[in-house]
Amino acid sequence: GVPEVPVRPIAERRVSRRIQVGPVAVGGGAPVSVQSMTTTRTSDIGATLQQIAELTASGCQIVRVACPTQDDADALATIARKSQIPVIADIHFQPKYVFAAIEAGCAAVRVNPGNIKQFDDKVKEIARAAKDHGTPIRIGVNAGSLDRRLLQKYGKATPEALVESALWEASLFEEHGFRDIKISVKHNDPVVMVNAYTLLAEQSDYPLHLGVTEAGPAFQGTIKSAVAFGALLSRGIGDTIRVSLSAPPAEEVKVGIQILESLNLRQRRLEIVSCPSCGRAQVDVYKLADEVTAGLEGMEVPLRVAVMGCVVNGPGEAREADLGVASGNGKGQIFVKGEVVKTVPESKIVETLIEEAMKIAEQMEQDGVAA
Ligand code: SF4
């Protein structure tokens with residue numbers, strides 16, 4: 001197993017209500033969970049389950065599937081039963097699919113208040129069905145589909161408009177005694193999004209699902225999400241996250257996990273501390289860092305490995321890490337816990353680091369606790 005390391009998170013978490021999305025607790029101090037969404041046709045049960053399995057393997061904890069048609073709704077029961085992680089049905093237009101999803105045993109249902117027109121008359125029935133099945137509802141407000149009434153009132157999807165939409169929708173459920181709710185107020189602009197969640201966090205105690213919507217291709221989307229989530233999580237706001245990328249969903253999960261690890265909201269695993277290289281470098285640092293990263297991929301222990309291009313800052317950084325190399329004169333000085341354990345020719349650096357990493361990992365697992 002993975003040794004538990006005491007982590008000091010970046011901030012005290014905001015106090016929120018707790019809901020259960022299947023076995024995953026969201027809010028109320030539960031660890032921030034990572035979500036993604038399938039890109040397959042949900043009605044294609046095989047392909048969807050295959051993608052869910054890949055997402056599960058990449059560390060995804062909750063998965064959302066779209067449900068735009070009756071065929072998709074019909075597939076939900078099998079998908080919910082066979083998925084290893086809780087499945088949330090994403091319903092945009094048709095209240096009847098909300099009932100179908102609840103009855104199919106989905107772990108939660110996401111509804112979009114802006115899109116579900118005659119929602120008002122259905123809320124009571126939805127609240128009752130959800131309560132009977134213990135199914136939480138995510139109220140997912142989206143800048144792109146904001147209620148026309150609010151668009152008119154505010155002129156555009158401002159933070160205030162997003163929050164008003166979400167709280168109004170929540171109040172409809174509250175009227176029926178239903179509070180098993182989490183909320184998202186997504187926007188593609190990280191500044192608007194951060195302001196919206198900040199406002200929402202002040203005005204309610206519901207757990208919050210963070211997302212920058214339509215964040216873009218991998219590079220841009222990663223940065224937008226990291227910056228926006230960082231701004232919120234560093235103030236304790238956010239209970240579950242989804243990074244939206246125009247890239248395979250497993251990439252979203254990798255980014256999400258890395259964001260949480262960076263903020264100490266999750267135990268760090270392998271961490272490569274490599275220098276940016278400069279005119280002093282005596283080795284190809286990029287290549288070395290890539291090779292070491294590839295060689296150690298999948299290691300579950302919280303290991304810091306320093307890869308340094310020269311002996312100026314190299315030994316200092318390498319000493320701070322569990323393991324490290326400082327290169328110079330065609331050789332690599334290998335450090336373990338601050339001590340030079342050996343000096344090897346450049347061609348042996350990668351394999352020696354991997355060997356030493358395995359030894360340390362084994363020791364960490366034996367000890368149960370790592371520093
Ligand atoms: Fe440059 Fe050496 Fe620092 Fe790397 S460790 S950035 S090569 S001075």
**Item:** Farthest positive-ward along the chain dipole, Cα basis, beta-carbon charges - from 26, 309, 50
**Value:** 26
**Item:** Among 211, 9, 343 - extreme Cα towards positive end, dipole of the chain, charges at beta-carbon
**Value:** 211
**Prompt:** If one takes the longest principal axis of the Cα atoms in the chain, at what angle in degrees, from 0 to 90 and to the nearest 10, does the Cα axis of helix 45-58 lie?
**Reply:** 40 degrees
**Request:** Would you work out the charge dipole size for the stretch 108-232 about its Cα centre, treating the Cβ of every Lys and Arg as +1 and the Cβ of every Asp and Glu as -1, and quote it to the nearest 20 debye?
**Result:** 280 debye
**Over 27 Å (Cα to Cα) - which of 287/337; 122/153; 224/337 fall in this group** = 224/337
**Prompt:** Which FRET efficiency value, to the nearest 0.05, do you get for residue 70 and residue 44 by plugging their Cβ-Cβ distance into 1/(1 + (r/R0)^6) with R0 = 22 Å?
**Reply:** 0.95
**Request:** Using a Förster distance of 22 angstrom, determine the FRET efficiency expected from the C-beta separation of residue 17 and residue 103, and round it to 0.05.
**Result:** 0.30
**Prompt:** How large is the accessible surface per residue of the chain, computed with a 1.4 Å probe and reported in Å² as a whole number?
**Reply:** 44 Å²
**Message:** On a 21 Å Cα-Cα criterion, which of the cross-link pairs 124/182; 82/186; 96/124 come out too long?
**Reply:** 82/186
**Fill in**
Toy charge model, Lys and Arg Cβ at +1, Asp and Glu Cβ at -1: the chain dipole around Cα centroid in debye, rounded to 20, equals 720 debye
**Message:** Rounded to two decimals, what is the ratio between the C-alpha radius of gyration of the chain and 2.2 N^0.38 Å?
**Reply:** 1.13
**Fill in**
Residue-ordered couplings for the stretch 83-93, obtained by feeding phi - 60° into the Karplus form 6.51 cos²θ - 1.76 cosθ + 1.60 and rounding to whole Hz (Gly and Pro as x), are 5, 7, 10, x, 10, 10, 8, 9, 10, 9, 10
**Message:** Leaving out ligands, DNA and RNA, and with a 1.4 Å probe, what % of the accessible surface on the stretch 133-264 is carbon or sulfur?
**Reply:** 54 percent
**Message:** Under 5 Å between amide hydrogens, which residues at least 5 positions from residue 213 or on another chain qualify, with H placed 1.01 Å from N in the peptide plane?
**Reply:** 187, 188
**Message:** Taking R0 as 30 Å, what FRET efficiency do you get between residue 10 and residue 293 from their Cβ-Cβ distance, rounded to the nearest 0.05?
**Reply:** 0.80
**Fill in**
Computed over the stretch 1-139, the relative contact order (Cα-Cα under 8 Å, seq sep at least six) in percent reads 18 percent
**Prompt:** Per-residue ellipticity at 222 nm for the chain, helices alone: DSSP H runs ≥ 4 residues times -39500 (n - 2.57), over residue total, nearest 500 deg cm²/dmol?
**Reply:** -13500 deg cm²/dmol
**Request:** Report the label-to-label distance for residue 202 and residue 342 in nanometres (one decimal), using points 7 Å from each Cα along the Cα→Cβ vector.
**Result:** 6.0 nm
**Item:** Accessible heavy-atom area order of 52, 10, highest first, probe of 1.4 Å
**Value:** 10, 52
**Asked** Karplus couplings for the stretch 282-291 from phi (6.51 cos²θ - 1.76 cosθ + 1.60, θ = phi - 60°), rounded to Hz, Gly and Pro as x?
**Response** 10, 7, 6, 5, 4, 5, 4, 4, 4, 5
**Request:** Rounded to whole Hz and in sequence order, give me ³J(HN,Hα) for the stretch 14-29 from the Karplus expression 6.51 cos²θ - 1.76 cosθ + 1.60, θ = phi - 60°, writing x for Gly and Pro.
**Result:** 4, 7, 10, 5, 10, 10, 10, 9, x, x, 8, 7, 10, x, x, x
**Message:** Under the rule of at least 5 residues apart or a separate chain, name every residue whose amide H is placed under 5 Å from the amide H of residue 138.
**Reply:** 109, 110, 111, 182
**Prompt:** Fully extended, how many nm does the chain gain between residue 363 and residue 312 (0.36 nm per residue separation, minus their Cα-Cα distance)?
**Reply:** 15.3 nm
**Spin-label pair residue 234/residue 271, simplified geometry with 7 Å Cα→Cβ offset, distance in nm** = 1.6 nm
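The values are calculated or read from the model by the stated rules, or taken from the named source; none is laboratory data. Everything quoted here is computed from the prediction, not taken from an experiment. Cβ sites come from the backbone with ideal geometry, for glycine too, and all protein chains shown count toward neighbours. The accessibility values were calculated without ligands, DNA or RNA, using every heavy atom of the protein model including side chains. Shrake-Rupley method; radii C 1.70, N 1.55, O 1.52, S 1.80 Å.
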